[in-house]
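Engineer: Provided herewith is a single structure, encoded as structure tokens, for subsequent inquiry.
Values in this text are rule-based calculations from the coordinates and carry no lab data. Just so you know, these numbers come straight off a predicted model, no measurement behind them. As a convention, Cβ positions derive from the backbone with ideal geometry for all residues, glycine included, and neighbour counts pool all protein chains shown.
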Amino acid sequence: MSPTSVPAAAQVSKVSKVEGIKERSNQLREPVATELLLDTTHFTEEAVQILKFHGSYQQDNRDNRVKGQEKDYSFMLRTRNPGGFIPAQLYLVLDELADRYGSGTLRATTRQGFQLHGVLKKDLKATIAAIVQNMGSTLGACGDLNRNVMAPPAPYQNRKDYAYAWEYANHIADLLTPQTGAYYEIWLDGEKYLSAEEHPDVVAARQRNGNGTVIHDVEEPIYGTHYMPRKFKCAVTVPGDNSVDLFSQDVSLVVITDSAGELLGFNVYAGGGLGRTHNKEETFARIADEIGYVDKADIYDFVKAIVATQRDYGDRTDRRHARMKYLINDWGVERFREAVERYFGKSIQPAKPLPEFKYLDFLGWHEQGDGKLFLGISVQNGRVKDEGTFQLKTALRQIESKFALPMRVTPHQNVLLYDIDPAAKEAIQQILTDHGVPTVEAIDSLERLSMACPALPTCGLAITESERVLPSILERVRALLDKVGLKDEQFVIRMTGCPNGCARPYLAELGFVGQSPESYQIWLGADPHQTRLSRPFAEKVHVNDLEALLEPLFLNFKQNRQPNESFGNFCDRVGFDALRQFTVPTVPAKSSGKARYRIGVRDAVYEKLKAFSTERGISMTDVTCEALEQYFKNL
């Protein structure tokens, strides 16, 4: 098909309304440009959809909602900085903007950017302009296009493979950056700022057609008028390093080098994605499949081929089914590979052997290989703030003002400072200590391995709390582990306030996914190195019932684990039927006027119970109560 025609998926039935909004936007200009000039506190729904491409979400603070009054509107801005790179100049400006226009905090994201929350509509232009004028950008941090390209944050100067990961993360980001002039026209009055010149190979690749990958004589040669069907996420990493959660990405490239460390090419994975919708079984989390190997000289054409395949064949009729993971799932890997090869113009080679991937967080002090040091600082849930004696925001501002260190935001919501002169180590550590920032050794391992999304009060998709409650949940989990004799146990815990998966809970050994107010779907069984998905274990578990659910699981884990077996691997090995034998009646939930109790049953029994209740038109609760009453009478 011609890449300028209506996408294949859209030819069958009516496209989603967002497709029309994109088509009418004049390449992301309207109605944002017009509505920005209006003396209002918020944008219309159509403008909100286009605003995302510029790196901003319209939000309202639900804590401040008052019936009959206008919502407390504000805007979240997200930076786009490949590999998490934040120059000292940019960080100091973000710090200042957070105080001047935002909520007073910065938030490190799970895609290695920063978010500013609480910006008012009247301040949007000044805020974005200041970011761009100081070596930053928000263009493409959100919206239906390639998002921030991830890479391991470790600044090893004696590891060529890590340098290649950074280099190609930047180049892939440049290749897939929107070419429309809308961003600079709206936010900088047409003045274009570039922090660095694009590599000539990237410029050439964007212009080279390659079997229909490029659309000629249009402002967006790769994206066309409609951009992508949904968000598109990429990462570049090195063999063995899964700090980027590579299996959660639409496309992941793994650097392959020769014995001398010179770049040969890349292994490629595709089709990952974690967003889903409760009670919509046609939506699901999925890990990426191995696609093959591509030589370094061909990598830009290959990335374009994958993008073109999703651009032209991704589902534009149903946004819940629009991510590339569904295209691969529907087609199968072989058909997807063949489609990509048609755009690519050659066969994809078999993947090269790789070592096992491991989770790495790079926290604490490390040598970077050239005589200098780097420091990974744990940031609980990514929130850079001053609160009581904990003054991380002030500490980072002082460090950057004095030492002007380059920074990398990590994929796990932490920050990493590097190129540190060893002579400055003591002074930097003293600033952190003076401002109540604990060393990595003093942080509970559950906190170190955890992540949460912002959720309430500002995220419009949030069903319940996440960032604000996870610290207390971690304390309760630690208390339970201590109680059952697992004092030093650690495993990956992640929480989200909705099922969209921003904090990647489906790759956590213990995942909490917001399902209703104060209640969570519990996911278990992922690998501790995020190479296997977890599975849903329990539904709508009230926050007050967590101990009753988790304590017997932890006891079972202690008694029946294999040597050095992780909690996630244990849950996966023994299976949920066996685990449910240990879930006993829970304590009543405290949020309701009525007491509620939870009883676990085996999968086979549950299916029989469900079928019987449906057939008889009786609730499962009534069937269970009647059966138990009869059982006790017959004792």
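Engineer: Please find the FRET efficiency linking Q429 to Q89, where r is the Cβ-Cβ separation and R0 is fixed at 25 Å, and quote it to the nearest 0.05. Spell out each step's value before the answer.
Structural biologist: Details: r = 23 Å, r/R0 = 0.94.
Approximately 0.60, to the nearest 0.05.
Engineer: What share of the DSSP beta bridges in segment 157-282 is antiparallel, in percent to the nearest 5?
Structural biologist: Within segment 157-282, antiparallel bridges account for around 65 percent of the total.
Engineer: Picking from T127, N242, T317, whose Cα lies most toward the positive end of the charge dipole for the chain (charges on Cβ: Lys, Arg +1; Asp, Glu -1)?
Structural biologist: T317
Engineer: Let me ask another. Would you calculate the separation in nanometres between label points at E334 and Q581, each defined as 7 Å from the Cα along the Cα-to-beta-carbon direction?
Structural biologist: Those two pseudo-labels are separated by 4.0 nm.
Engineer: Separation between the I443 and Q630 pseudo-spin-labels, each 7 Å from Cα along Cα→Cβ, expressed in nm?
Structural biologist: Placing both labels 7 Å along Cα→Cβ, they lie 5.5 nm apart.
Engineer: Can you give the FRET efficiency for A297 and V218, using 1/(1 + (r/R0)^6), R0 = 30 Å, r = Cβ-Cβ distance, to the nearest 0.05?
Structural biologist: 0.65
Engineer: Additional query: Find how much the distance from K358 to A196 grows on full extension, using 0.36 nm per residue of separation minus their present alpha carbon separation; answer in nm with one decimal.
Structural biologist: Full-extension gain reported as 55.1 nm.
Engineer: Given 0.36 nm per residue, what is the gain on full extension from T40 to L188 after removing their alpha carbon distance, in nm?
Structural biologist: That pair, T40 and L188, stretches by 51.2 nm at full extension.
Engineer: While we're on this one: Give the longest segment of the chain that steers clear of chymotrypsin sites (Phe, Trp or Tyr not before Pro) in DSSP loops with at most 15 neighbouring Cβ atoms within 10 Å, not counting the sites themselves.
Structural biologist: Here the longest run is 194-596.
Engineer: Can you tell me how segment 182-303 classifies by the Cα gyration tensor, rounded, prolate or oblate, using a/c under 1.5 as the rounded cut?
Structural biologist: Because a/c hits 1.5 or more and a/b fails to exceed b/c, segment 182-303 counts as oblate.
Engineer: I've got another one for you. Applying the Karplus parametrisation 6.51 cos²θ - 1.76 cosθ + 1.60 with θ = phi - 60° to the phi angles of segment 481-497, what ³J(HN,Hα) value in whole Hz is obtained for each residue in order, glycine and proline being reported as x?
Structural biologist: Ordered by residue, 3J(HN,Hα) equals 4, 4, 4, 8, x, 10, 4, 9, 5, 9, 7, 7, 10, 9, 9, 9, x Hz.
Engineer: Report, to one decimal in Å, the Kirkwood hydrodynamic radius for the chain based on all distinct Cα pairs.
Structural biologist: Taking every pair of different Cα atoms in the chain, averaging 1/r and inverting gives 25.9 Å.
Engineer: Restricting the calculation to Cα positions, tell me the Rg (one decimal) and the Dmax (whole number) of segment 36-161 in Å.
Structural biologist: For segment 36-161, the Cα radius of gyration and maximum Cα-Cα distance read 15.8, 61 Å.
Engineer: State, to one decimal in nm, how far the label point of R532 lies from the label point of K483, with both points 7 Å from Cα in the Cβ direction.
Structural biologist: Calculated label separation equals 2.8 nm.
Engineer: Out of all DSSP beta bridges in the chain, what portion is antiparallel? Express it as a percent rounded to 5.
Structural biologist: Counting only bridges with both partners in the chain, antiparallel ones make up about 80 percent.
Engineer: Distance check, please: which entries in K14/K67; K192/K372; K385/K425; K280/K352 exceed 25 angstrom between their Cα atoms?
Structural biologist: Violating the 25 Å Cα-Cα cut-off are K14/K67; K192/K372; K280/K352.
Engineer: Calculate I(q)/I(0) for segment 370-410 by the Debye formula, one identical point scatterer on each C-alpha and no solvent, and give its log10 at q = 0.20, 0.35 Å⁻¹ to two decimals.
Structural biologist: Debye curve over Cα of segment 370-410, log10 I(q)/I(0) at q = 0.20, 0.35 Å⁻¹: -0.71, -1.30.
Engineer: When only C-alpha pairs under 8 Å and at least 6 residues apart count, what is the relative contact order of the chain, in percent?
Structural biologist: Over the chain, the number comes to 11 percent.
Engineer: Once the convex hull of the alpha carbons of segment 401-506 is built, what does its volume come to per residue, in cubic angstrom?
Structural biologist: It is 149 Å³ per residue.
Engineer: Continuing with the same structure: For segment 156-254, compute the orientation-averaged projected area of the C-alpha convex hull (one quarter of its surface), in nm².
Structural biologist: Across all orientations, segment 156-254 yields a mean hull projection of 8.4 nm².
Engineer: Of the chain, which part is the longest with no trypsin sites (Lys or Arg not before Pro) in a loop (DSSP not H, G, I, E, B) and with at most 10 other C-beta atoms within 10 angstrom? List each step's numbers first, then the result.
Structural biologist: Working: sites that count: K14, K67, K192, K487, K594.
Between exposed loop sites, the widest span is 193-486.
Engineer: Of all alpha-carbon pairs in segment 442-499, indicate the percentage at a distance above 18 angstrom.
Structural biologist: 37
Engineer: Compute all pairwise cysteine Cβ distances in the chain, then list the cysteines with no distance under 4.7 Å to another cysteine.
Structural biologist: So, C142, C234, C459, C498, C571, C625.
Engineer: Taking the 0 to 90 degree range and rounding to the nearest ten, how far is the long axis of helix 425-434 tilted relative to the main principal axis of the chain, both from C-alpha atoms?
Structural biologist: That works out to roughly 50 degrees.
Engineer: Okay, next question. Mind pulling up the Rg/Rh value for segment 299-397? Radius of gyration and Kirkwood radius, both on Cα.
Structural biologist: Using Cα coordinates only, the ratio equals 1.20.
Engineer: When the helix-only estimate is applied to the chain (DSSP H runs of n ≥ 4, each -39,500 (n - 2.57), divided by the residue count), what is the mean residue ellipticity at 222 nm, nearest 500 deg cm²/dmol?
Structural biologist: -9500 deg cm²/dmol
Engineer: Express in % the proportion of alpha carbon pairs of segment 57-109 at distances exceeding 19 Å.
Structural biologist: 40
Engineer: Would you grab the residues whose amide H sits under 5 Å from the one on D419? Only those 5+ places off in sequence or on another chain, please, with H modelled 1.01 Å from N.
Structural biologist: L373
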